[in-house]
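> I'd like to ask some things about the structure below.
All of the numbers you see were taken from the coordinates with simple rules; none came from a lab. None of these values were measured; they are calculated from a predicted model. Don't worry about glycine lacking a Cβ; one is built from the backbone with ideal geometry, like all the others, and counts go over all protein chains shown.
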Amino acid sequence: MSRIKATFDRLRTEGRGALIPFLEAYDPDPATSMAILEGMPGAGADLIEIGVPFTDPMADGPTIQAAGRRALKAGATLSRTLGMVSEFRTENDTTPIVLMGYLNPILAYDPARFCLDAASAGVDGLIVVDLPTEEAALLADHAAGNDLDIIRLIAPTTDAQRLPIVLQGCSGFVYYVSITGVTGTRTASTSELAAAIPRIRAVTDLPIAVGFGVRTPAQAAAAVNVADGAVVASALIDTLAQSLDDHGRARPDTVRRVLDQVRDLAKAVGQGKHTHDLAGQQNIS
């Protein structure tokens with residue numbers, strides 16, 4: 001059984017949703033990024049999403065774009081991101097790791113070699129933002145052959161006819177993009193989620209995680225009231241960015257500030273399935 005499936009199965013029996021925090025590999029430097037990654041499980045992360053820095057991150061808003069620029073300046077590459085995962089796995093063999101990125105670096109790396117190396121490093125799943133279902137053969141067989149889940153993005157604009165097509169070959173979980181547009185730029189309400197999530201559940205038994213803008217503990221709790229997980233990205237990157245000095249370097253409290261925020265989110269998500277009064281018109285992003 002994959003780490004992703006095992007984690008969601010365990011959380012389901014515990015009656016709670018998953019917290020899936022995000023970090024950009026090498027932001028703002030390799031050591032700080034690694035310290036945050038290693039500290040996330042202890043702070044309450046159930047799964048971890050690692051962003052692979054790329055020069056043209058078309059789905060990302062200003063916050064994650066800035067994180068990517070810092071990371072690239074610090075020397076981030078796809079290979080070095082896999083190296084982070086390998087280092088993480090020397091101490092943690094249970095927390096699922098999902099890479100989120102774009103197709104161009106994978107093509108440059110070679111899809112077959114990338115999937116082999118990703119699995120060897122300890123990656124569990126892939127979110128390739130700009131890989132449409134119609135082109136999924138570029139990666140699908142290589143991923144399946146290495147037991148890597150391919151996690152599909154579903155948007156509010158994905159209609160009933162398109163939905164089962166997009167979900168073909170999806171495994172691990174479904175990532176519901178709760179807004180139209182780029183990350184961290186607008187809001188969605190739980191009433192909108194309450195209408196959207198059942199539509200996805202009608203065509204898949206996979207867990208559903210809500211992302212693209214969940215920022216606060218209350219919003220994360222509201223998300224897991226109607227879905228199975230909450231992905232928090234821009235809010236954590238904002239905290240990291242605000243902790244940096246005038247030269248963009250980490251301060252002594254950078255790691256602690258990010259991990260304290262993860263703890264607050266984890267506490268709220270752990271209570272979310274039992275806190276139905278959060279599910280009214282609470283904005284979730």
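> Roughly how many nanometres apart are two label points built 7 Å out from the Cα toward the Cβ at R113 and A160?
4.7
> To the nearest µm²/s, what D does Stokes-Einstein give for the chain at 4 °C and 1.567 mPa s, using the Kirkwood radius over alpha carbon pairs as Rh?
Working: Rh = 18.6 Å.
Estimated diffusion coefficient is 70 µm²/s.
> Whole-Hz ³J(HN,Hα) for each residue in the range 140-153, computed from phi via Karplus 6.51 cos²θ - 1.76 cosθ + 1.60 with θ = phi - 60°, x for glycine and proline: what do you get?
Taking θ as phi minus 60°, the curve returns 4, 5, 5, 5, 4, x, 10, 6, 9, 6, 9, 9, 8, 9 Hz for the range 140-153.
> Just from its helices, what would the mean residue ellipticity at 222 nm be for the chain, if runs of 4 or more DSSP H residues each count -39500 (n - 2.57) and the sum is divided by every residue, rounded to the nearest 500 deg cm²/dmol?
Details: 12 runs with 129 residues, N = 285.
Mean residue ellipticity, 222 nm, calculated: -13500 deg cm²/dmol.
> Given Cα pairs under 8 Å that are at least 6 residues apart, what percent is the relative contact order of the chain?
Numbers: 577 pairs, mean separation 65.2, N = 285.
Dividing the mean separation by the residue count of the chain yields 23 percent.
> Between R257 and E134, what is the label-to-label distance in nm when each label sits 7 Å out along the Cα-to-Cβ direction?
Once both label points are built, they end up 4.5 nm from each other.
> Just order 253-261, 20-28 by mean Cβ neighbour count inside 10 Å, highest at the front, would you? Please list the in-between numbers first.
Values: 253-261: 18.0, 20-28: 27.0.
With the highest mean Cβ count within 10 Å placed first, the list reads 20-28, 253-261.
> Rg (Å, one decimal) plus Dmax (Å, integer) for the alpha carbons of the range 1-126?
In Å, with Rg to one decimal and Dmax whole: 14.3, 43.
> Quick query: amide H of D149 versus all other amide H atoms, modeled in the peptide plane; which residues come in under 5 Å with a sequence gap of 5 or more or a different chain?
G125, L126
> Whole-Hz Karplus ³J(HN,Hα) for the range 4-19, in order, using 6.51 cos²θ - 1.76 cosθ + 1.60 and θ = phi - 60°, x for Gly and Pro?
Whole-Hz 3J(HN,Hα) from phi for the range 4-19: 5, 5, 4, 5, 5, 4, 5, 5, 5, 5, 7, x, 9, x, 9, 9.
> Would you grab the residues whose amide H sits under 5 Å from the one on V214? Only those 5+ places off in sequence or on another chain, please, with H modelled 1.01 Å from N.
Here the answer is A233, since their amide H atoms fall under 5 Å of that of V214.
> Right, next: Could you put C170, C115 in order, starting from the residue whose Cβ has the fewest other Cβ atoms within 10 Å?
Details: C170 19, C115 25.
Lowest count first: C170, C115.
> Restricting to bridges with both residues inside the chain, how much of the DSSP beta-bridge set is antiparallel, in percent to the nearest 5? Please report the intermediate quantities before stating the final value.
Numbers: 1 of 26 bridges.
That works out to approximately 5 percent antiparallel.
> What order, most packed first, do the peptides 92-100, 191-199 have when packing is the mean number of other Cβ atoms within 10 Å of each residue? Mind showing how you got there, number by number?
Working: 92-100: 19.3, 191-199: 16.3.
Highest-to-lowest ranking by the protection proxy: 92-100, 191-199.
> Residue-wise, which Karplus ³J(HN,Hα) couplings in Hz belong to the range 221-229, taking 6.51 cos²θ - 1.76 cosθ + 1.60, θ = phi - 60°, and x for glycine or proline?
Calculated HN-Hα couplings, in order: 5, 5, 5, 7, 5, 10, 10, 10, x Hz.
> Multiplying the sequence separation of Q271 and A31 by 0.36 nm and subtracting their Cα-Cα distance, what value in nm do you get?
On the way: separation 240, 0.36 × 240 = 86.40 nm, distance 3.24 nm.
Going from the current span to full extension adds 83.2 nm.
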